[in-house]
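None of the figures in this text is laboratory data; all of them are computed from the coordinates on show. The structure presented is a predicted model; accordingly, all values stated were derived computationally and were not measured. Reconstructed Cβ throughout: ideal geometry from the backbone, glycine too, with neighbour counts over all protein chains shown.
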Amino acid sequence: MSKIVIPISNGFEEIEAISIIDICRRANIEVVIAGVEALETIGAHNIKVTADCKIEDVKEDDFDLIVLPGGLPNAFTLADNEHVQKLLKEFKASDKYIAAICAAPYALHKAEVLNKDYTCYPSFEQKIVPENYISNQNVVKDGNVITSRGPATAM
């Protein structure tokens, strides 16, 4: 069975995180929520989520996929967190799937794991690599890296 880790920090976009958690669990895919700042995390719209573990307890070899939801300041926290950045690099080195929604491709960019083509929340490409931004696709898959534009594309 596949296993997914979803790191979240305060300000995460609830639709992006919870949609993926719910859909994957319905499909009998194991999903682990990893708290970056604490086990209890408050989303961008004040929804509290209790993580299954702390990000520093996550080992890349236990998972098949890492998914980063967007939201602010979550996307910046994920981009600045050494454990998240290390995991992203390990997933890339192991040729595993990496996904990010909305503003979270910024964290992939900071970890240098974003492939050439990507999408993100419109205007956030200015913080990444504007010339490689695909503006006319809701989801972009480039190798093992999948990016999506925002809450409306989470499903």
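Region 100-155 and region 53-99 have Cα centres separated by 15 Å. By the Stokes-Einstein formula, at 0.692 mPa s and 37 °C, region 26-155 with its Kirkwood radius over alpha-carbon pairs has D equal to 221 µm²/s. Share of pairwise Cα-Cα distances greater than 15 Å in region 83-137 is 42 percent (whole percent). Most tightly packed first, judged by the mean number of other beta-carbon atoms within 10 Å of their residues, the peptides 120-131, 75-86, 93-104, 137-148 read 93-104, 75-86, 137-148, 120-131. Among beta bridges from DSSP that stay inside region 48-146, the antiparallel ones total about 20%.
Net length available on complete extension from ALA38 to ASN132 is 30.4 nm, with 0.36 nm assigned per residue and the Cα-Cα distance removed.
Comparing THR119, THR41, THR50 in a Gaussian network model of the chain where C-alpha atoms under 10 Å apart are linked, the largest mean-square fluctuation is found at THR50. In plain terms, the bigger the Kirkwood radius, the slower the diffusion; for region 1-70, with that radius from Cα pairs, at 10 °C and 1.306 mPa s, Stokes-Einstein puts D at 133 µm²/s. Placing unit charges on the Cβ atoms of the charged side chains and taking the dipole of the chain about its Cα centre, the candidate lying farthest along the positive direction among ASN136, TYR97, SER19 is ASN136.
Could you tell me the calculated FRET efficiency between ASN28 and ALA152, based on Cβ-Cβ distance and R0 = 25 angstrom, to the nearest 0.05? The pair ASN28/ALA152 has a calculated efficiency of 0.45.
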